[in-house]
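Worksheet: the structure to be examined is printed underneath.
The values are calculated or read from the model by the stated rules, or taken from the named source; none is laboratory data. These figures come from a predicted structure and were not determined experimentally. Using ideal geometry, Cβ is built from the backbone for each residue, glycine included, and neighbour counts are taken over all protein chains shown. For accessibility, only protein heavy atoms count, side chains too; no ligands or nucleic acids. Shrake-Rupley method; radii C 1.70, N 1.55, O 1.52, S 1.80 Å.
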Amino acid sequence: MRQAVVAGNWKMHGTRQLVAEFVQKFIDRQQLGAEPSQVQTVILPPVGFLAELSDGLRGTHLATGAQDLHTHSKGAFTGETAGSMIRDLGGSWVLTGHSERRQYQKETDRQIANKFVAALDADLCPILCVGENLEDREAGRAEQVVTAQLNTALQTIGIKRLAAGCVAYEPVWAIGTGQTATPDQAQQMHHSIRAALGVLDESVAQAMSILYGGSVNEKNVEAFFKRRDIDGVLIGGASLNVEQFVMIVDVVAAAVASR
Ligand code: PGA
């Protein structure tokens, strides 16, 4: 069975107080035996909070990580963070190519692919984010756009190395808008991502965890997990409230158990 993943992307939100709340909650759950081992839960805070969160969660089943990394392993790149530093801070996961970075930092598919490779070199598990904008969806070219993002990245990454990470489908129009893709729309896109991977390597395609992201919360998450090609979720807004986030993890654990 493919690895079920619940990843919380705090974006540029959070405080040390929030870190403390998460640590307390998940330590308590671990001690009570309430933390489901069949779900890989990941929290991606702003990098400034990463060490504190990682240290606090040590000994739990949770993983932590960052929202971005630089392509180089070190150097004169003011303000940037290398993959090895994310590791040093206790992180083991990292996002690459989130749509907000594509939009505001003008990251290209090639750059994103280089970041994915840099993450692997630093022994991190990268999540490759892809997704179409509203205009693409309305023009009926969503699958074409997403497949093109994937294929361009694959030219640099290669299918074998992609297998060491995950893919996240996040339609831009669904991020932070409260408007999710329907489970059917998401399933259709996940299926076509898996099919595109399958053209290159069927066993990688079958083993790859593909996450959905975009306005996922504790109420709608179950419906996504009923679809066969949806293996995980990437949560923004709803990952900032520990009670809400825990509910999502528990709904996912129950859905995975009944698969
Ligand atoms: P959202 O964000 O859950 O707030 O829509 C998802 C994301 O950007 O990863």
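Answer yes or no: is there a residue in the stretch 123-138 that is open to solvent by less than 20 Å² (accessible area, probe 1.4 Å), touching a Leu at 6+ places or on another chain (Cβ under 8 Å), assigned to a loop (DSSP other than H, G, I, E, B) and away from the ligand (no atom under 16 Å from the Cβ).
Yes; the residues of the stretch 123-138 include at least one that is open to solvent by less than 20 Å² (accessible area, probe 1.4 Å), touching a Leu at 6+ places or on another chain (Cβ under 8 Å), assigned to a loop (DSSP other than H, G, I, E, B) and away from the ligand (no atom under 16 Å from the Cβ).
What are the residues in the stretch 242-254 that are under 19 Å from the mean Cα position of the chain (by Cα) and among the hydrophobic types (A, V, I, L, M, F, W, C), if any?
Filtering the stretch 242-254 for residues under 19 Å from the mean Cα position of the chain (by Cα) gives 242, 244-253.
Within the stretch 242-254, V242, F245, V246, M247, I248, V249, V251, V252, A253 qualify.
Under 7 Å by Cβ, and 6 or more places apart or on different chains, what pairs join a residue from the stretch 164-180 that is aromatic (F, W, Y) with one that is open to solvent by 10 Å² or more (accessible area, probe 1.4 Å) and more than 10 Å from the ligand (Cβ to nearest atom)?
Here the result reads W173/N133; W173/L134; W173/R137, each pair linking the stretch 164-180 to a residue that is open to solvent by 10 Å² or more (accessible area, probe 1.4 Å) and more than 10 Å from the ligand (Cβ to nearest atom).
Scan the stretch 68-88 residue by residue and report those that are open to solvent by 30 Å² or more (accessible area, probe 1.4 Å) and in contact with a strand residue (DSSP E or B) (Cβ under 6 Å, 6 or more places away or on another chain).
Within the stretch 68-88, none qualify.
From the list G91, G65, which residue is open to solvent by less than 60 Å² (accessible area, probe 1.4 Å) and either within 16 Å of the ligand (Cβ to nearest atom) or among the aromatic types (F, W, Y) (or both)?
On inspection, the qualifying residue turns out to be G65.
How many of the residues in the stretch 195-241 are within 18 Å of the chain's Cα centre (by Cα), open to solvent by 40 Å² or more (accessible area, probe 1.4 Å) and among the aliphatic types (A, V, I, L, M)?
Of the residues in the stretch 195-241, 2 are within 18 Å of the chain's Cα centre (by Cα), open to solvent by 40 Å² or more (accessible area, probe 1.4 Å) and among the aliphatic types (A, V, I, L, M).
Which one of Q149, Q103 is surrounded by fewer than 18 Cβ atoms within 10 Å (Cβ to Cβ) and outside any loop (DSSP other than H, G, I, E, B)?
Q103
Taking the stretch 7-20, which residues are within 12 Å of the ligand (Cβ to nearest atom) and open to solvent by less than 20 Å² (accessible area, probe 1.4 Å)? First the steps, then the outcome.
Looking only at the stretch 7-20, we keep the residues that are within 12 Å of the ligand (Cβ to nearest atom), and these are 7-13.
Residues satisfying the conditions are A7, G8, N9, W10.
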